[in-house]
Amino acid sequence: MTAQTKFKASALMNPFFPDSVSFGDKGVTFTIRKFLRSNDSFVFYTDISGVEIDNGIFFSTVRVLPRMRPEIVIENFGKRDALRVKELILEKVNN
C-alpha cells in the first residue's frame, strides 16, 4: 500500500458526490458527501475497534467502529472495494 491509497463509492448511486476512503500512514480519512456539503472524519488506526460490511444486491455499506465516537458509515461501495477497505483497515489495526 502506498502512503495514500483511496477508494471511491460507486458513481451509479451518487454520480456527483460519492463517498470515499483515503488511507494514510497513521490513519484513515472518511469523506461522506451530500448535496452542497461534505464531512471528513479522520480516525487513527489505533482508535478503530472493528469494521463491518453490510452487503446488498449490488453494493455494500462499510461501518467503521471507532473506540470513542459514533460509527462511521460509508455507502455504495462495490463489494470487492468494500472487502478491500475492510482488509486494509484491519491489517493496519492488527499491526
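Take the residues of segment 72-95 that are free of Cβ contacts under 8 Å to residues at least 40 places away in the same chain and over 24 Å from T46 (Cβ atoms): which is surrounded by the most Cβ atoms within 10 Å (Cβ to Cβ)? The extreme case among them is K79.
Yes or no, residue by residue, for (1) among the hydrophobic types (A, V, I, L, M, F, W, C); (2) in contact (Cβ under 8 Å) with a residue 60 or more places away in the chain; (3) surrounded by 12 or more Cβ atoms within 10 Å (Cβ to Cβ):
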| site | (1), (2), (3) |
| --- | --- |
| P15 | no, no, no |
| S22 | no, no, yes |
| I32 | yes, no, yes |
| F44 | yes, no, yes |
| M68 | yes, no, no |
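Can you find a residue in segment 31-40 that is among the basic types (K, R) and not in a strand (DSSP E or B)? Checking segment 31-40: not a single residue is among the basic types (K, R) and not in a strand (DSSP E or B). Of the residues in segment 58-73, none is assigned to a strand (DSSP E or B), farther than 20 Å from N95 by Cβ and among the acidic types (D, E). Residues in segment 46-57 that are outside any strand (DSSP E or B) and without any contact (Cβ under 8 Å) to a residue 40 or more places away in the chain: 3 in all.
Every number in this text was worked out from the coordinates using simple rules, so none of it is lab data. As the structure is a computational prediction, the values presented were derived from the model and not from experiment. Virtual Cβ from ideal backbone geometry, glycine too; neighbours counted across all protein chains shown.
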